[in-house]
Amino acid sequence: MLFRPVRTGASRTFNLPNILTFGRVVIVPAVVACLFWPDEYALRWTALGLFIVAAITDFFDGYLARAWGQQSALGRMLDPIADKLLVSAVLLILVADGTIKSWSLWAAIVILCREILVSGLREFLAELKVSVPVSKVAKWKTTMQMIALGFLIAGRAGELVLPGTTRIGLFLLWISAILTLYTGWDYMKAGIKHVVEE
């Protein structure tokens, strides 16, 4: 049985789940900074290590918040923001260094556009006090995105260890883009339904 911390007023904000989420936000510029020099393989491995840490915190902050009864408004607000910052920033820097190029740019565009669309729909539905629960497919989408970006961050450095690293990453990126479209449609249906009812 997991140890359950004592909840106080201050601990609702400065609890471990929220600290992990804050940490994920802080890691974003560090990952981008490492990828700013794409031909420095040591920095690419450092970026991958930081990215893996961020991805792990993405799982544990929600899990611990539920297990310890430490869910908070701040955590619910910050968690999706941290995820979007991490994914969007990494996608942009990978496009800039040429890891994602040609037709694969469309996969990145789909993912970024979906994040903007969902953010807008969530804001709209929140005003109507309508919540759209996260589906299992959405969780698989997030997992696939993280794995794809992990391979792409390793990129050229990873080719020395596992030939085809970049191709694997691009293939998984396309799969996550398809899942992104599917899960984005759930939000669109909820939004359209309430607009029509209005």
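Per this entry, Leu105 is counted among residues that are modelled with pLDDT of 85 or more, loosely packed, with under 13 Cβ neighbours inside 10 Å and within 17 Å of Ser176 (Cβ to Cβ). Flag: Leu48 does not match the condition of being under 15 Å from the mean Cα position of the chain (by Cα), at pLDDT below 75, assigned to a helix (DSSP H, G or I) and surrounded by 15 or more Cβ atoms within 10 Å (Cβ to Cβ). In the stretch 142-152, is there at least one residue being modelled with pLDDT under 90 and within 21 Å of Ala47 (Cα to Cα)? Yes, that holds for at least one residue.
Return yes or no: is Leu16 at pLDDT below 80 and either surrounded by fewer than 16 Cβ atoms within 10 Å (Cβ to Cβ) or closer than 20 Å to Ala148 by Cβ (or both)? Spelling it out, Leu16 is indeed at pLDDT below 80 and either surrounded by fewer than 16 Cβ atoms within 10 Å (Cβ to Cβ) or closer than 20 Å to Ala148 by Cβ (or both).
The values are calculated or read from the model by the stated rules, or taken from the named source; none is laboratory data. All of these numbers come straight from a predicted model, not from anything done at the bench. Every residue, glycine as well, gets a Cβ built from its backbone with ideal geometry; the counts of neighbours run over all protein chains shown.
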